[in-house]
Each structure stands twice: as C-alpha cells, then as structure tokens.
1. Could you check the range A:171-196 and list, in sequence order, the residues that are closer than 21 Å to A:ASP68 by Cβ, open to solvent by less than 30 Å² (accessible area, probe 1.4 Å) and aliphatic (A, V, I, L, M)?
2. For A:GLU168, state whether it is touching a residue at least 24 places away in the same chain (Cβ under 8 Å), in a loop (DSSP other than H, G, I, E, B), open to solvent by 20 Å² or more (accessible area, probe 1.4 Å) and over 26 Å from A:GLY139 (Cβ atoms).
3. Could you tell me whether any residue of the range A:30-52 is open to solvent by 20 Å² or more (accessible area, probe 1.4 Å), under 16 Å from the mean Cα position of the chain (by Cα) and away from every other protein chain (no Cβ under 12 Å)?
4. Out of the residues in the range A:134-151 meeting the condition of being outside any loop (DSSP other than H, G, I, E, B) and open to solvent by 20 Å² or more (accessible area, probe 1.4 Å), tell me which one is farthest from A:ASP516 (Cα to Cα).
5. Could you list all residues from the range A:209-244 that are of a type in the set (Ser, Thr, Tyr), out of contact with any strand residue (DSSP E or B) (no Cβ under 9 Å at 6 or more places or on another chain) and more than 30 Å from A:GLU292 (Cβ to Cβ)?
6. For residues that are without any contact (Cβ under 8 Å) to a residue 24 or more places away in the chain and open to solvent by 40 Å² or more (accessible area, probe 1.4 Å), scanning just the range A:8-21, find the one that is nearest to the other protein chains (Cβ to nearest Cβ).
7. In this structure, is A:ILE439 more than 30 Å from A:CYS607 (Cα to Cα) and at pLDDT 95 or above?
Amino acid sequence: MRKLALSDDVLLSVDKAARYIGGEVNAIVKDKDSVDIRFAMCFPDVYEIGMSNLGLMILYDLFNQRPDVWCERVFSPWTDLDSVMRREGLRLFALESQEPIRDFDFLGISMGYEMCYTNALQVLDLSGIPLKASERTEGPIVIGGGTCAYNPEPMADFFDLFYIGEGETSYDALFDAYKENKKNGGSRADFLRKAAHIPGIYVPSLYQVSYKEDGTIASFTPLYEDVPQKVARQLVLDMDKSYHRIKAPVVPFIKATQDRVTLEIMRGCIRGCRFCQAGMLYRPTRERPVEELKESAREMLDGTGHEEISLSSLSSSDYRDLPELVNFLIDEFKGKAVNISLPSLRIDAFALDVMSKVQDVRKSSLTFAPEAGSQRLRDVINKGLTEEVILKGAADAFHGGWNRVKLYFMLGLPTETEEDMKGIAHLAEKIAETYYDEIPKEQRHGKVQITVSTSFFVPKPFTPFQWVGMGTEEAFIEKAKVVKAEVRAMLNQKSIRYNWHEPDVTVLEGFLARGDRRCGAVIQKAYEMGALYDAWTESFHMDIWKKAMEEAGTDLDFYTTRERSFDEILPWDFIDAGVTRSFLWREWQNALKETVTPNCRQACSGCGALAYGGGVCVEGKD
Amino acid sequence: MKVRIKFSKVGPMKFVGHLDTMRYFQKAIRRAGLPAAFSGGFSPHMIMSFASPLGVGIESLGEYFDLELAEEENSPLDLYALRERLQAAMVEDINVLAMVRIPEGKAQNAMSLVAAADYEIRFRPGRAMKGDISGKMGAFLKEKEIWITKEGKNGERQVDIRPYIYEMEERGEAIFCRLASASGNYTRPEDMMRSFIRFAGQDGEDVSFTICRLEVYADRGDGETHDFVPLYALGEDEGVKAYREEGREETSVLPGHKSENEEPEDNAGALSGCEDEAL
C-alpha cells in the first residue's frame, strides 16, 4: 500500500483530501532509483484547475517517455491545508511518490495567468525552497513556463530559468545538459550558464537591467559575452511528427474543471485580433492532421473512460477539416453516450447544424464574442465580426430553437468612446428584436434571454496594444455604469442581463502583465502579507497589493495607465516571439486608422512568423 | 440484465468520497469496455445504484453497486471475464471482488436492500482505549438506551442507537461490530465508538482509531428476527448457494474472487486485510 505524505488526521481535517493522495488512473509511477532526473511539474493553483491544463499534461507525458526522467505532479495546497502545513511545518510533496519537492532535481512551474504568481511563491515556500533564485545553493532548479513566461520579468527573481515556448522542442537538451553537468561535477551556476545556450532557455540571473531616471529601461544586457542577447521562442512546426500526442491522460478522482478529454486540434490563430496575446504569440497557425485526431480521440476516450470530449483551439471554425472531424466524432461516439463539446465555434449554418446534434438546444445557449459594441471599435481591434453576421447567426439560431444568447465584450479598449460603450446595449437590443421579429409568438419558448458580459481590457505583451495606456479602476466602473444605464434604457431590457468583471483584479493583472523586474519586490511583499489565490474572487484582496506597492515604492500607474513610446525598451523585448516589433507597431497604427488587416488565409500581413517556414504561412505551397 | 458488483477500497483510496467513487466507476466501466446500458435523453447516463455511501476516511472490503448491462439475446455475458476486465481497469487499492447476476423481477436495488453492515475498528498505535475494553464493552451493551447527537439537515437531534448495535465484540486487537445501516436507522461506526469511549470515561482526544467496513447485508428476516444476508448472496450465481450451504465464512467461491483477496473472517489479528498503517 502506498504511503501518503500527510497523516490521516491532516487529510481528514481538510476539504477534498483526494487532491493530495495521487494514485489516479494513468498517473505514472517509476522506480526512483532507476531514473537520473526527478522533475516536479507544478501548476500553481488548486488541483482541479491544474489538472485541467492541457500543457501540463503534455509535458508530464512527454518527460515520462524518457526512461531516465520521472516527472510527477504538484499543485497549490488549498488554503485549509496551507494553514495546516505552515502550522505543523510540513513540506510540500509530489503526488506520485509523496516525497518532498525539496529533494527533486527540477521544479517546473507553469504560469497560465498572472493571478497565480503568489501561488507560485507559495509552492516554493511550502517546499522549503528559498523564494529568491539568488539565495539558492541547492535544491531543485526552478523553471518557469506557460503563457506568462512571455514576460517573465516580474517573476525573474524567483526562477532559475524560464522555458519560452512550446515544451516539445528543447527539454531533451536541457535534461541532457543537466546530466552532463552532474556527471562532470559541475555547479549549479555551471549548469545555468550552459542552459542559457539552449534555444528557448532564459536565465534571468545572466542578464542585467539598468533604468533611466524616468523609470523606463535604459539597457537590458547579458552579463557575459557567450550569453545570447535574444531568447528564441520554441515551437513545433511539424504537427504530425513533433507534436507530443498523449495516449492516456491522468484521470482525477475529484471532478476537475475540465472533466473530459481535451483534443487539441490546432495551435495558433489566423484572425489577428489586436488585443489577443495568444493570437499573436502562437503564430503561425498549425493544424494537426485530421486522421491523427480521429485516432487520438479514440485512444484518449478508451484510455481515460471520460464521457465527454472537447475540441481545443483558439478558433475551431478555422480548422479546415472541422466538418470531417466533427462528423466522425458524432458518428463514432454519440452512440456510446459520449458528449461532444465544441467551444470557440463561429456561429454559422454548419455550427448550428452540428450543435443541434450534440447538445440539447433547449438547455444550451449560443455564444458570440463581438468584443466591442460598435463596428468602428471592432475595426480598431481587428475583430472581423460584423453586426450583420451576428444578427444573421442569431436569427438562424432562433429558428433552430435556441433562445439563449451570451455576448462577450471588453470595456476600456483603445480609442473607445461613449458611443462604443452604448453600442453594447444597442447590439443586445437588436438581437432581442431579431428574436421577436423572426419567431412568431406561438413558436416562442418564452422570452429570449440575452446575457451581456463585459470584462475590462488588459494590454498584453506581444500585441499591437502593448504600448497603450490602460484604464483605471475608477474609469472602468464609470464605463460599466454607462453600459448598465443604456441596457436599462432599451425597449427589451427585460430580456437582457448585464454582468461585469471586477475592475480591481483587472488592474492588478495589467500591472503584472507588463511589469518589469522591479515588480518582483511587490509580488514578494504581497505574498508575505498574505496574498494567495488571487485568481479566486473570495481570496483576492486588492488592499494587500496596494499596501505592498506602497511599501516597495512602486507606482501602479507607471505600469498600467502610462502609454509607452515606440522607442522605449519594453521588459520583454529580449524575447524573439516570432511576430516582429515593427509588425506590432504597424498594427497599432492600423488600429488608430481603423484599418482592418486580413486574416492569414486571405493575405500575409508580414508579421514575421513566415520565418519559421511552417503552418499557415506555407499552406498549399509545397 | 442487472449485475451486482462487490469491491474493496482501502489505503489512500479511503479519501476518495462517495460521489467521486461513483464517477470513478463510471469511467472504469468505459475503460473496461463493459456493455453498460444507458438511460435515454440528451445526456445519457449509466444505470447504476450504489448500496451504501461510505464516509471519507473509512476503508472497506465490502462495497456494492448494481449496474445495468445490455445483454444481447443468444449471447449471454461471461461475468467472470467482465469482472476480470473491470479489475484490470482498477487503480491500486480498489479491487473488484465479485460480480453476480441479479435475478430479473426482484428489482430491488442495492441501496434499498441495505439493512446492516459489519465494521472493524482498530486503534492507532499508542492511541488505544485504556483498561479492560472487553469489560467496558459488556457494560456498554447492557445499557437500555444509548443516546447520541446526530447532525442532520434540520439541525441536531438525539437518537437512541442501542437497538441499532446488533453485535459488538473484541476480536484480537480490533473491535468488531454490526450496525444498522438502512436509510432510517443508519448508524455511523464513528458515532458509536465515540459514544463507547465516552461511556468508558476516557478522553476522546487521546483515542484514535481507523474503521474498515467488512460487509453489507440485506435483512431476510420476518420482522421479528433478523436474517442478515450479504448483498452478493442475493444474486443468482454460485454465491447464493455457497452462502446458504456453507455459511458466511465461505466467500472465496464467489465468481472471480481472487485467492489473494481471501481473508478468513475468524482469523483474529488479521481480521480484515485493511492494513493498519502507523501514521
């Protein structure tokens, strides 16, 4: 019988003890004496969230393919266990072996969103690893990765190295270098120095940043000549051969947020929405072959026993073999009581047809993401969705039996005017009117239900909006009030519900997203003052962060509301992400001119990703 | 056709809650490719019924659920092979002990049948009750009424559990008990033990124990007297006859009951096979 790290008394005193026991179906257990490298893979949020992360599962499976590596998992203990561990001095452990993280060779922390930064510190702290990389002489090498690694600077103090990009390419080299260094009796510093030469690896301690009097960056330079100036983002180009296909993902005992098979069909997006970091970063768009996906779907359903499969991509409708894939899934699995979930579909005739086959129309709702309320502003953000298309889609859906619609918008986008805000209410009203105009009274199933949700815009690195000033908390609240009042003034206001996202969390996200190395002090102070699980409304306390900024002497506005100039050195400029700085600036200028840029299949906009020589850039050119 | 599945859930798996255990088996049944029958509608689900929820932290060697299988005419299902397949889809510390066919017509599901359950209680090292446990137990059982406080949906209420303690005795290092487990009289072993510890005049904080459920029973009695029969024995297969003819110790003839799972019940000191790990 496996021995657990935590005692019965502790496990019985916390909520959902099964978060901490490991032993799930498909969890990988190896003989620790037969491996050279022990890797702890962490998603710094609670188990149910972490286990829903596809990237983490891919790396877990990929690393364990190597006979000399045993990769295990670790997540943030929930607040109840966190308190017990601190009180009793218990050390954080990996789920599979139940052994302390402190004794591992590597701790990899995947950062999917900025609000998990304090949780990353919690994981280090509970593991007994010094928070600051500079204070570590032993213990695991701490690696950061994930979307947030594209601006690693706010977390630079806490990581020994970052892996920039998709994990399939450079980890082998990293592991080999680690073994080699160990064999030769090299030090921690020797290893980091060698790692800095591996493509995609960024070692923060080997770079030096200096600042101007106005607080902006004066220089960002390697400390040694052999350390590369730029770090190149890693990506898989051959989605057939180099993509790591998982056969049997781990099946949690407790219900994960994504309690289903996730089938990644494509990486990247052809659309080029100017606010979207993923759409800019993951270029070029790369599709997985449809035959491969069919096999993979069957393999993963058989291997997990999940009763649902979901397609994953940034824009599934742009996957060229989508009809073939979806029809296959319906024919093959619908009869076996497998639910098929199709998120991020553009609402058109095809989508409505397949959706009516895979879901209960009465109980489901349609989702549109116009993102902005007016055509003018949609042109600014390059969201190629017109009012005509939305109303046509809605009308078709209403005829198909749907009567629930969800609409997603952002407030605080660059150049936004009051008219644009009010446009959100007007669009909702037009959709309501479409329902009442199109569907005769006797065919209606009650009122149409339109839910309008707005979030506040956060400018992100590597987007055309990376230079813009972000709104303040007060300004955000005013904007939400404008929308709310306008919704209430609509004829069909009773059919429209309006929700908005908390503005203070957004401001903090903005601070962390475009922060620099100096922000690390704020993060550490906030953590030490009790900030944890900032992504969770109930545990987020902006006052802690404000106090931390005050104590660190950090000016929030410098990072959020300030507009950057073209010449300013941005903290993430040292990363070569594929899209060029000049393309992003050109797109920013196009935004100001309200000029739409065609998608990658219509015309090449010269973003820089062509240099990789793969994906959509070379479609039909071989 | 309906089958009744008996399984054990020990070690770290005692922390997997009741609903999660149900979800676990739904997925395991799919992995094993069992021909489960599904309900209709847009989100079809397996037709299954669990006998008696097990509290988090309690091990068990006698858990049950009923499952509806789709059997094609003229090709009867081989339950032995199905049990083997389901067992192959298990994680460590959850084992499928038996799979028996439930007679058509006797449509009573596992949950509504449950009348009693056996438990084995072991003290953790260094945290046992002190003194003459046997003597105290005798006195405890001589009580006419044993009142405990139960917390329910409508707040606290007082319940006399004396009538629900069907058996209780020391067996080697452990305490064995048979407690009422029907929906109206479900008696939690930890409540009974806490009550006993209090009765014995000992500090509840000092005493700590583990619980393992050993078996779950239906009551085939006439209302006056009990006739407890393990749920597996209500199936159509060999198990019924075996239980009737050879008595309750003989569980090893159950279809697919692996020899390594055999634990003679009267072997004092190694009562259950629920391992008592020093924690």
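The values are calculated or read from the model by the stated rules, or taken from the named source; none is laboratory data. Note that the structure is a prediction, hence the values are computed from the model and not measured. Note: ideal-geometry Cβ built from the backbone for every residue, glycine included; neighbour counts use all protein chains shown. For accessibility, only protein heavy atoms count, side chains too; no ligands or nucleic acids. Shrake-Rupley method; radii C 1.70, N 1.55, O 1.52, S 1.80 Å.
1. Answer for the range A:171-196, where residues must be closer than 21 Å to A:ASP68 by Cβ, open to solvent by less than 30 Å² (accessible area, probe 1.4 Å) and aliphatic (A, V, I, L, M): A:LEU174, A:ALA177, A:LEU192, A:ALA195.
2. Taking the combined requirement at face value, the residue satisfies it.
3. The answer is yes, given that some residue of the range A:30-52 is open to solvent by 20 Å² or more (accessible area, probe 1.4 Å), under 16 Å from the mean Cα position of the chain (by Cα) and away from every other protein chain (no Cβ under 12 Å).
4. Within the range A:134-151, the subset outside any loop (DSSP other than H, G, I, E, B) is A:134-135, A:141-145, A:147-150.
Next cut, open to solvent by 20 Å² or more (accessible area, probe 1.4 Å) only: A:134-135, A:147.
Numbers: A:SER134: 17, A:GLU135: 20, A:THR147: 16 Å.
Among those that are outside any loop (DSSP other than H, G, I, E, B) and open to solvent by 20 Å² or more (accessible area, probe 1.4 Å), it is A:GLU135.
5. Across the range A:209-244, the qualifying residue is only A:TYR224.
6. Ranking the qualifying residues of the range A:8-21, first place goes to A:LEU12.
7. no
A quick yes/no check of all residues on (1) among the polar types (S, T, N, Q); (2) not assigned by TED's automatic domain parsing to the domain that holds B:LEU19:
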| residue | (1), (2) |
| --- | --- |
| B:TYR64 | no, no |
| B:ASN74 | yes, no |
| B:ARG85 | no, no |
| B:ALA89 | no, no |
| B:ILE133 | no, yes |
